[in-house]
1. Please state the Cα pair-distance histogram of the range 2-111 with 10 angstrom bins from zero: what percent is in each bin?
2. Assuming R0 = 41 Å, can you tell me the calculated FRET efficiency for the pair T61 and T28, based on Cβ-Cβ distance, to the nearest 0.05?
Amino acid sequence: MKLIVRLAVNVFALFVVAYLIPGFNLTTISAGVVTAVVIGVVNTFIRPIVQLIALPISIVTFGLTAFLINVLLLWGVSKVVPGFTINSFTTAILASIVLSLISWFLNKLANE
């Protein structure tokens, strides 16, 4: 049940970001669900490995590299999932920030 709630929160957050950020597009609800699932899988399995490899650079840049890894992974998901597009790298940066904040806030509300 908790997994379904988190998935629904993340899908809703994706659509809020798509509404707020020009250049961040989701075509259908099913594309939003698939995008949320793929982002979850990428964040669970791929991101920790990439961040571990980039740890020395991340320490030197005071965490900027970790943020850029998140942006690049989000942009990469947009290249893989049909119906989900991000037009530019700057859009991916802004979308990553807004998506993180909205997801954090909505997950806090869902946990209470």
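Throughout, read-outs are computed from the coordinates displayed, never taken from laboratory work. Because the structure is a prediction, the values reported are computed rather than measured. As a convention, Cβ positions derive from the backbone with ideal geometry for all residues, glycine included, and neighbour counts pool all protein chains shown.
1. 15, 46, 32, 7, 0
2. On the way: r = 38 Å, r/R0 = 0.92.
According to the calculation, E is roughly 0.60.
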